[in-house]
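Remarks on the structure that follows.
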Amino acid sequence: DQQVKQNSPSLSVQEGRISILNCDYTNSMFDYFLWYKKYPAEGPTFLISISSIKDKNEDGRFTVFLNKSAKHLSLHIVPSQPGDSAVYFCAASVSGAGSYQLTFGKGTKLSVIP
Amino acid sequence: DVKVTQSSRYLVKRTGEKVFLECVQDMDHENMFWYRQDPGLGLRLIYFSYDVKMKEKGDIPEGYSVSREKKERFSLILESASTNQTSMYLCASSFASRGGEKLFFGSGTQLSVL
């Protein structure tokens, strides 16, 4: 059973426009969410995170929105740049003692077209 | 700067060989993880360790074992490599906490089993 779902395997966006990557989760215990970016032949790098006590977190061109009632989060990239072309993974975790793991989605491949 | 180092970027092995993948982190992290990444399947957790000599199975431990003799080093062992273990292997580490900690990843090892 997939607890974190990224239903779009790929997304193409024109340079300068907004990229919106979506993620849904089923486990209501998740209270911390992260986005990772991965280039080919490299390890994922942390991009941005959000705690369940917030509904929005912004860092430069990147904003993550969390809708707890819908169990949905999204990553907005504005404006999109060709260097943003990568695979983006959504991840979630449960806070608390004994919690060690992140549960990842399958990823969305973003292509930003110049 | 934070560093997770995987010993090899590319490895080619033959079916039945015993394979060792090594990972070292210099951040004094308690938690260490091994994931594999396959197209369309995302990141899947193989094993993790929250302390020296401690290990826990992840989602797909079959065919793998791990060793953590020192805090900074976490090894993944393929006892008898098979072609379905051809994959990108990613090591990660994090601080022990109440959860909600981000993972730091190495650059990955692309393993091909022929």
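The values are calculated or read from the model by the stated rules, or taken from the named source; none is laboratory data. The structure displayed is predicted, hence computed values, not measured ones. Neighbour counts are summed over all protein chains in view; Cβ atoms, including those assigned to glycine, are modelled from backbone coordinates with ideal geometry. Just the protein is used for accessible areas: all its heavy atoms, side chains included, with ligands, DNA and RNA removed. Shrake-Rupley method; radii C 1.70, N 1.55, O 1.52, S 1.80 Å.
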Tell me the relative contact order for chain A as a rounded percent, counting alpha carbon contacts under 8 Å between residues six or more apart. 37 percent
At 37 °C and 0.692 mPa s, the Stokes-Einstein diffusion coefficient in µm²/s for chain B, with hydrodynamic radius from the Kirkwood sum on alpha carbon pairs, is 234 µm²/s
Those residues in the stretch B:32-51 that give up at least 40 Å² of accessible surface, probe 1.4 Å, once the partner protein chains are present instead of the chain by itself are B:Gln37, B:Leu43, B:Phe48
Under a Cβ-Cβ cut-off of 15 Å, what is the net charge of the residues other than A:Pro9 that fall near it, where Lys and Arg count +1 and Asp and Glu count -1? +2
With x for Gly and Pro, the residue-by-residue ³J(HN,Hα) of the stretch A:104-110, computed from phi through the Karplus equation 6.51 cos²θ - 1.76 cosθ + 1.60 at θ = phi - 60° and given in whole Hz, is 9, x, 7, x, 10, 8, 9
Semi-axes of the equivalent ellipsoid for the protein assembly as shown, Cα gyration tensor, largest first, Å: 29, 21, 15
Honestly the stretch A:32-111 on the Cα gyration tensor test (a ≥ b ≥ c root eigenvalues; a/c under 1.5 rounded, otherwise a/b vs b/c for prolate or oblate) is just oblate
Phi to ³J(HN,Hα) by Karplus 6.51 cos²θ - 1.76 cosθ + 1.60 over the stretch A:69-79, Hz, x for Gly, Pro: 5, 8, 6, 9, 9, 9, 10, 10, 10, 9, x
Give the interface area between chains B and A as buried accessible surface, both sides summed, probe 1.4 Å, in Å² to the nearest 100. 1900 Å²
Of A:Lys71/A:Lys109; A:Lys37/B:Lys18; B:Lys13/B:Lys71; B:Lys3/B:Lys70, those spanning more than 20 Å from alpha-carbon to alpha-carbon: A:Lys71/A:Lys109; A:Lys37/B:Lys18; B:Lys13/B:Lys71
Order of exposure, largest accessible area first, which applies to A:Leu11, B:Leu114, A:Leu73 with probe 1.4 Å: B:Leu114, A:Leu11, A:Leu73
Taking Cα pairs under 8 Å and at least six residues apart, what relative contact order does chain B come out at, in percent? 36 percent
For the stretch A:37-64, which residues drop by 50 square angstrom or more in accessible area between the chain on its own and all protein chains together (1.4 Å probe)? A:Ala41, A:Pro44
Return the sequence-ordered ³J(HN,Hα) values of the stretch B:16-32 in whole Hz as given by the Karplus equation 6.51 cos²θ - 1.76 cosθ + 1.60 applied to θ = phi - 60°, using x for Gly and Pro. x, 6, 8, 10, 10, 10, 10, 9, 10, 10, 10, 9, 6, 6, 7, 9, 9
Report the Rg/Rh value for the stretch A:1-62, based on alpha-carbon coordinates and the Kirkwood definition of Rh. 0.97
